[in-house]
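The values are calculated or read from the model by the stated rules, or taken from the named source; none is laboratory data. Values in this document were obtained by computation on a predicted structure and should not be read as measured data. Neighbour counts run over all protein chains shown; Cβ positions are idealised from the backbone, glycine included. Side chains included, ligands, DNA and RNA excluded: accessible areas come from the protein's heavy atoms. Shrake-Rupley method; radii C 1.70, N 1.55, O 1.52, S 1.80 Å.
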Amino acid sequence: MAPGTPPRHIACIMDGNGRWAQQRGLERTHGHMAALAALNAVVSGALREGVEWLTLFAFSTENWSRPEGEVSFLVDSFPGHVLEREARRLQERGVRLRLLGWDDPRIPADVTDMLHGLEELTRGNTKLQVSLAFNYGGRQDVCETVRCLAAQRFPYEEITEETFARHMKLPELPDVDLLLRTGGEHRLSNFLLWHCAYAELVFLDVLWPDFRAPHFQHALELYRQRRRRFGALDPAAGTDSPGPADADPAQPPVTGHPVEPGPVSPLKLPAAIASHLGSSLLNGVKETARFAMLQLGAASVQARRPDQR
C-alpha cells in the first residue's frame, strides 16, 4: 500500500444510535434520526478521499429481534425519511446506490419499491458506490451463495474463491480494506464476513450520531499506519517486520545483554492501543490511587496500634 493511497472499500458499522438517545433521555428512534449528519460526513469523506466503495450496515437480519416499535421505524419510516430526502443529493454528487440484502414480506412494499427505484435512478453514477446493507447478514450471504452453486450443480472441483465471490449477493463488491465501527464495541456482528478476511479494523468510541469528518480522518490515519502484507513477508525488509505504527525507531539494537525498560511514549505504541490509552491510563491511575490510600491507611493504623506482643 503506497503512502496516502485511500482504501478502495470502506465498510461502516454505524453503532451507538440507541445509546446516544438514551443518554439524553430520549426514545431510541431519536438516535436514528440524529444520525443523518454522520451519514453525510462519511459519504462526504469517502468522496473527498477518492474511495470507490462505501458499505453501510443499516439493518441486519438479527435486528428483527429488537422491540417492535424500533423495528417498524427502521424498516418503514426511516428509509423513506432519509433516502427519499437524500435522493437528489446522491444524484448530484455522483453517488450510485447499491442494495445488499434480501427482500422480506415484513418490509413494506412501498419501502422496497422506493429502494429499488433509487438504485435504478443512480445507476449511471460513478464517483462513489454506496452499498446499503439492509436486511443483511454475513452468514446468510455465504449460505445463499452455497445454495446458488448447489442449485446450478456447479462442479465442486471448480469452486474457487473467485467463482464463489462471483455468485454472492453483490458480486461486484470488492474485499473490504477498512472496516470502521463506532460505539466502542469490538466485533464484526455478522457483517461482510467473507469480504473482511483481510480488512483493517478500526473501532472508535464515538457514538454514531456524533461521528463527523475529524473521526473519519482519524480512522484513515490509523489505516495508513498499518502495513498490509496479506500473510506474506514485508516486501521492503524481506521479513515479517512490524508495520509503521509498531516500529520503534528509538529501540536499542539487540546485543544479547538485558536492557532496562524505560518510559514509552504513547505515540510509539501501536495505533489501536494508543487510541484507547487515555481512558486505560486514567482508570489505572485511579485504581492505583485507591490502592495506595488503602495501604497508607492500614499502615497508619498499624503505627498507632500499641505493641500487643
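Annotations for the structure displayed:
- Test: residue 245 is modelled with pLDDT under 90, more than 16 Å from residue 7 (Cα to Cα) and open to solvent by less than 30 Å² (accessible area, probe 1.4 Å): yes
- Taken over region 138-173, residues that are within 30 Å of residue 94 (Cβ to Cβ), open to solvent by less than 50 Å² (accessible area, probe 1.4 Å) and under 23 Å from the mean Cα position of the chain (by Cα) amount to 6.
- Selection count, region 1-49, where residues are in contact with a Leu (Cβ under 9 Å, 6 or more places away or on another chain) and on the phi > 0 side of the Ramachandran plot: 1
- Single condition residue 96 does not satisfy, out of (1) of a type outside the set (Val, Ile, Thr); (2) open to solvent by 20 Å² or more (accessible area, probe 1.4 Å); (3) at pLDDT 95 or above; (4) out of contact with any strand residue (DSSP E or B) (no Cβ under 8 Å at 6 or more places or on another chain): (4)
- Within region 174-189, the set of residues being open to solvent by 20 Å² or more (accessible area, probe 1.4 Å), touching a residue at least 40 places away in the same chain (Cβ under 8 Å) and not aliphatic (A, V, I, L, M) comprises 175, 177, 184, 185, 189.
- Of the criteria (1) within 30 Å of residue 18 (Cα to Cα); (2) open to solvent by 20 Å² or more (accessible area, probe 1.4 Å); (3) at pLDDT 95 or above; (4) aliphatic (A, V, I, L, M), which one residue 90 fails: (3)
- Any hit, region 61-71, residues being closer than 17 Å to residue 13 by Cα and among the polar types (S, T, N, Q): yes
- Residue count for region 62-83, restricted to those that are under 21 Å from residue 190 (Cβ atoms) and open to solvent by less than 20 Å² (accessible area, probe 1.4 Å): 5
- Selection within region 166-220 - among the hydrophobic types (A, V, I, L, M, F, W, C), within 12 Å of residue 12 (Cα to Cα) and assigned to a loop (DSSP other than H, G, I, E, B): 176, 188, 191, 192, 196, 199, 204, 211
- Residue check, residue 192 in contact with a strand residue (DSSP E or B) (Cβ under 7 Å, 6 or more places away or on another chain), open to solvent by less than 30 Å² (accessible area, probe 1.4 Å) and within 19 Å of residue 48 (Cβ to Cβ): no
- The residue pairs whose first member lies in region 211-224 and is over 19 Å from residue 200 (Cα atoms), whose second member is of a type in the set (Val, Ile, Thr) and surrounded by fewer than 20 Cβ atoms within 10 Å (Cβ to Cβ), and whose beta carbons are closer than 9 Å, counting only pairs six or more residues apart or on different chains, are 212/206.
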